[in-house]
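The values are calculated or read from the model by the stated rules, or taken from the named source; none is laboratory data. Because the structure is a prediction, the values reported are computed rather than measured. Cβ placement follows ideal geometry from the backbone for every residue including glycine, while neighbour counts extend to all protein chains displayed. Side chains included, ligands, DNA and RNA excluded: accessible areas come from the protein's heavy atoms. Shrake-Rupley method; radii C 1.70, N 1.55, O 1.52, S 1.80 Å.
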Amino acid sequence: KTFQVTFNRDFKSVIENCARIPRGHDNSSWIIPEMVQAYIELNQQGHAISVEAWQNEKLVGGLYGVLFDDVFSGESMFFRKSEASKVCLVHMVEHLKEKGHEWMDIQMVTPLLEKFGGEYIPRKQYLDMLKERHGR
């Protein structure tokens, strides 16, 4: 109840905040400007989704991912207030459950995602899960 949560209210700000997070040894981000624009276009086409956490009308956390062929892949998340990205993650999971999803691709298992049940899936198992999700 600390945060107001929205979906796709400000996708651009979510991805821009995620792109500002330094990663790797050189403190750069893998989310380069061309990727930001591509993800914004995917969002406009309905293939990328964001969930935002707001406090006093200020964006304090968010996450975004891509939805193609009925498979959601989480891409990145950020927070400015403690717990904001976790709240966004929970809301995204609930949203996906409502749409019939039983799992989401988190791409890498971080300590945080592991606490939420994230686990490494071997490639063959993942490909089998994709086939099952697509009904093939």
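Number of residues in region 21-39 that are touching a Ser or Thr at 6+ places or on another chain (Cβ under 7 Å) and either in a loop (DSSP other than H, G, I, E, B) or modelled with pLDDT of 90 or more (or both) equals 3. Note on region 69-111: residues that are among the basic types (K, R), free of Cβ contacts under 8 Å to residues at least 24 places away in the same chain and assigned to a helix (DSSP H, G or I) amount to 1. For region 8-29, indicate whether the set of residues that are touching a residue at least 12 places away in the same chain (Cβ under 8 Å), open to solvent by less than 80 Å² (accessible area, probe 1.4 Å), among the hydroxyl-bearing types (S, T, Y) and over 20 Å from V87 (Cβ atoms) is non-empty. Checked against the condition, which is being touching a residue at least 12 places away in the same chain (Cβ under 8 Å), open to solvent by less than 80 Å² (accessible area, probe 1.4 Å), among the hydroxyl-bearing types (S, T, Y) and over 20 Å from V87 (Cβ atoms), region 8-29 yields no hits at all.
Output the residue which, of all residues in region 34-75 that are open to solvent by less than 20 Å² (accessible area, probe 1.4 Å), more than 12 Å from F11 (Cβ to Cβ) and not aromatic (F, W, Y), is farthest from the chain's Cα centre (by Cα). Per the criteria, the residue is V60.
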